[in-house]
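> Have a look at this one before I ask anything.
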Amino acid sequence: MLTVGLIQNSCSADPEANLEKTLTAAEAAASHGAQIICTQELFRSQYFCQTEDHSFFQLAEPIPGPTTQAFQKFAKEKQAVVIASLFEKRAAGVYHNTAIIIDADGTLLGRYRKMHIPDDPLYYEKFYFTPGDLGFRAWQTRYAKIGVLICWDQWYPEAARLTAMQGAEILFYPTAIGWHPGEKAENGDLQHSAWETIQRGHAIANGCYVAVPNRIGYEKLAADGIEFWGQSFVAGTSGEILAKANARDEEVLVVPIDLGKVDSTRTHWPFLRDRRIDAYGDLTKRLVD
């Protein structure tokens, strides 16, 4: 048995306050038994990608840097694995949307740089983030072998599959997604259902757990802003919802899971065994014309 903790917070314009708030939430998760703790996407700031503004590059930091060091100290003290989502300054003019993976002894195991970068109204991420160049990875932590993907990666079954193929037992998706207020009445339920359903599908197709911390609250940096829908959740190996946070409040979601179900599910539903890898070459093409 293993316990995971997901942090669902609102964010202010003060990065230091957001860091302290997230560390406090992580403390709460650890006090309730969480052994692997994951933050939401870009928790140190409001979601600045609502607009293209060069001043927001000042929010970025190196890795390792102050946030990495703070969570390394926390991980070592609490004997907890931490996945933390950061705005990484790699070099002048090269920035990434990155998650760091810290083992329970405080060791920085590695980082995942977001591979799929959206460019939609109020989600202008291509202005800020260079696409990831480290590929899809899984890390053996003290408690489980985990994969980490980020937000827009959620919509791509290829990303989940390639990570699971490396032995990931849990896929973590730090997330910042919500409604455009003007679209919520007509499309809100449909949009949320699609987001949750595709990730539950990743759990089913790969026989693994999926854990998704999403931010909450209303942030207006441009136009009508974004109403983040929260509803962080953990899905089991058959896609069932094991626990879900609400759509209104900050919450620390602490969920026990049984890693033995990964082997059991993959044995009874042997999708990985029956893949026709000889027939999938066209997946490396944009379209099959």
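> What is the number of the single condition among (1) surrounded by fewer than 17 Cβ atoms within 10 Å (Cβ to Cβ); (2) assigned to a loop (DSSP other than H, G, I, E, B) that residue 143 does not meet?
With (1) surrounded by fewer than 17 Cβ atoms within 10 Å (Cβ to Cβ); (2) assigned to a loop (DSSP other than H, G, I, E, B) applied to residue 143, the lone miss is (1).
> Any idea which of 33, 65 is of a type in the set (Gly, Ala, Ser) and in contact with a Leu (Cβ under 9 Å, 6 or more places away or on another chain)?
65
> Something else: Find the residue count for segment 160-176, including only residues that are free of Cβ contacts under 8 Å to residues at least 60 places away in the same chain and surrounded by fewer than 23 Cβ atoms within 10 Å (Cβ to Cβ).
Residues flagged as free of Cβ contacts under 8 Å to residues at least 60 places away in the same chain and surrounded by fewer than 23 Cβ atoms within 10 Å (Cβ to Cβ) within segment 160-176 amount to 4.
> Hey, could you check segment 73-132 for residues that are in a helix (DSSP H, G or I) and touching a strand residue (DSSP E or B) at 6+ places or on another chain (Cβ under 6 Å) and say which is least open to solvent (accessible area, probe 1.4 Å)?
Among them, the one singled out is 75.
Here's the yes/no breakdown for (1) assigned to a loop (DSSP other than H, G, I, E, B); (2) at pLDDT below 95; (3) more than 26 Å from residue 142 (Cβ to Cβ):
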| site | (1), (2), (3) |
| --- | --- |
| 16 | no, no, yes |
| 22 | no, no, no |
| 33 | yes, no, no |
| 52 | yes, no, yes |
| 58 | no, no, yes |
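This table checks each residue for (1) of a type in the set (Asp, Glu); (2) without any contact (Cβ under 8 Å) to a residue 12 or more places away in the chain.
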{"site": "234", "(1), (2)": "no, no"}
{"site": "247", "(1), (2)": "no, no"}
{"site": "255", "(1), (2)": "no, no"}
{"site": "261", "(1), (2)": "no, no"}
{"site": "265", "(1), (2)": "no, no"}
{"site": "270", "(1), (2)": "no, yes"}
{"site": "278", "(1), (2)": "yes, yes"}
{"site": "282", "(1), (2)": "yes, yes"}
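> Also, quick follow-up: Could you look through segment 215-241, keep only residues that are open to solvent by less than 10 Å² (accessible area, probe 1.4 Å) and in a loop (DSSP other than H, G, I, E, B), and pick out the one that is farthest from residue 260 (Cα to Cα)?
225
> For segment 255-271, what are the residues that are more than 30 Å from residue 31 (Cβ to Cβ) and either outside any loop (DSSP other than H, G, I, E, B) or open to solvent by 60 Å² or more (accessible area, probe 1.4 Å) (or both)?
The answer is 263, 264, 265, 266, 267, 268, 269, 271.
> Consider residue 68 carefully, then state whether it is out of contact with any helix residue (DSSP H, G or I) (no Cβ under 6 Å at 6 or more places or on another chain), of a type in the set (Ser, Thr, Tyr) and buried (at least 20 other Cβ atoms within 10 Å of the Cβ).
Spelling it out, residue 68 is indeed out of contact with any helix residue (DSSP H, G or I) (no Cβ under 6 Å at 6 or more places or on another chain), of a type in the set (Ser, Thr, Tyr) and buried (at least 20 other Cβ atoms within 10 Å of the Cβ).
> Out of the residues in segment 242-253 meeting the condition of being in a loop (DSSP other than H, G, I, E, B) and among the small types (Gly, Ala, Ser), tell me which one is modelled with the lowest pLDDT.
247
The values are calculated or read from the model by the stated rules, or taken from the named source; none is laboratory data. This is a predicted model, so every value here is computed, not measured. In this analysis, Cβ positions are derived from the backbone assuming ideal geometry, glycine residues included, and neighbour counts consider all displayed protein chains. Ligands, DNA and RNA are stripped out before the accessible areas are found, and what is left, the full protein with its side chains, is counted by its heavy atoms. Shrake-Rupley method; radii C 1.70, N 1.55, O 1.52, S 1.80 Å.
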